[in-house]
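**Student:** Take a look at the following structure, please.
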Amino acid sequence: MASISPLAVVDPNAQIAETADIGPFCTIGPNVTIGSGTKLMSHVVVDGHTKLGEDCMVYPYVTLGIASQDLKHELNSVTYTEIGDRNMIREFVSVHSGTEPESTTKIGNDCALLAHSHVAHNCTVGNHVVMSHSATLGGHVLVGDHANIGGLSAVHQFCHVGEAAMVAGMARVVQDVLPFTIAEGFPAHMRVINKVGMERAGYAGDDIKAVRKAFRILFARELRLEQAIEEVMAEFGDSPHVQKMLAAINDSQRGLARPESATFEMNVGGE
């Protein structure tokens, strides 16, 4: 039987796994599912149609599955929040449910959402993502696996932050950040390939070299982007990681956070 503090308020219709641990002053709504091994320390609110996975650690004053702040949200409409396994969710984090009826906000597995970070409505956050202190995602943001969102940074609605990309602290992201790159600034611009981050995430050396060379071709030469893409395809068409970069370019709706020429060359570094 789940360990539920007598000081917690848990709706009898909530589905709480037998090995879950619900601390004092937590509030759990009727349409909530909490997986085995997950611990809510205290003062946590989980509401709406929310699924919280296994072996998560949720710290005090977190709110999960609360209705979207989007003014288009319809009162009493059914929207969803899905949070995977083994996530660390620190103090005062907020994750909001989708806006449109039947829509969903999703967070994957093995993520670290540090204190005061915010995931807005309809975001999709991958696996092994780190959101540092007070990092904020606007609505409909897509964040790839192994991405790192720096402290006090903000990502505009509908932007994409690619796989293993890093957004530097206090950055203002208003356009897409390609996979495997580092973006910084106000507004943010891609500066360099996230070599250290890729190494830490276990990417092979040859794959890192391929994306670094592709990045140079795309942005360091005075080529039109269409020409640069053709050259990258010709040289690195068999690299799945380069293909992800090109797919992100093709799928971009808000445009790319392109490097600034004044700082790009000195930040590219050697081979």
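**Student:** Report relative contact order for the chain in percent, whole number only (criteria: Cα-Cα under 8 Å, sequence separation at least 6).
**Tutor:** Working: 805 pairs, mean separation 23.5, N = 271.
Relative contact order of the chain: 9 percent.
**Student:** For a protection proxy built on the mean count of beta-carbon atoms within 10 angstrom, sort 85-95, 146-156 highest first, please. Mind showing how you got there, number by number?
**Tutor:** On the way: 85-95: 20.7, 146-156: 23.2.
The densest-packed peptide leads the list: 146-156, 85-95.
**Student:** If you count the DSSP beta bridges with both ends in the chain, what percent of them are antiparallel, to the nearest 5? Spell out each step's value before the answer.
**Tutor:** Details: 5 of 61 bridges.
Percentage antiparallel, nearest 5: 10.
**Student:** State the answer as a single residue: which of 193, 245, 140 lies farthest towards the positive end of the charge dipole of the chain, with beta carbon charges of +1 for Lys and Arg and -1 for Asp and Glu, about the Cα centre.
**Tutor:** Toward the positive end, the furthest listed residue is 193.
**Student:** Additional query: If I compute Rg and Dmax of the Cα atoms in Å from the structure I just sent, which labelled value in (1) 27.8, 99; (2) 18.3, 55; (3) 20.2, 67 lines up?
**Tutor:** So the structure-derived entry is (3).
**Student:** Let me ask something additional. Would you please give the FRET efficiency between residue 5 and residue 221, computed as 1/(1 + (r/R0)^6) with r the Cβ-Cβ distance and R0 = 45 Å, to the nearest 0.05?
**Tutor:** Numbers: r = 62 Å, r/R0 = 1.37.
After rounding, the FRET efficiency stands at 0.15.
**Student:** Per residue of the chain, what 222 nm ellipticity follows from adding -39500 (n - 2.57) for every DSSP H run with n ≥ 4, rounded to the nearest 500? Walk me through the numbers on the way to the answer.
**Tutor:** Numbers: 5 runs with 53 residues, N = 271.
Result for the chain: -6000 deg cm²/dmol, rounded to the nearest 500.
**Student:** In nm, give the distance between the simple-model label positions of residue 13 and residue 100, each being 7 Å from the Cα along the Cα-to-Cβ direction.
**Tutor:** Computed distance between label sites residue 13 and residue 100 equals 2.6 nm.
Computed from the coordinates by the stated procedures, all read-outs in this text should not be read as laboratory data. Since we're looking at a predicted model, the values are computed, not measured. As a convention, Cβ positions derive from the backbone with ideal geometry for all residues, glycine included, and neighbour counts pool all protein chains shown.
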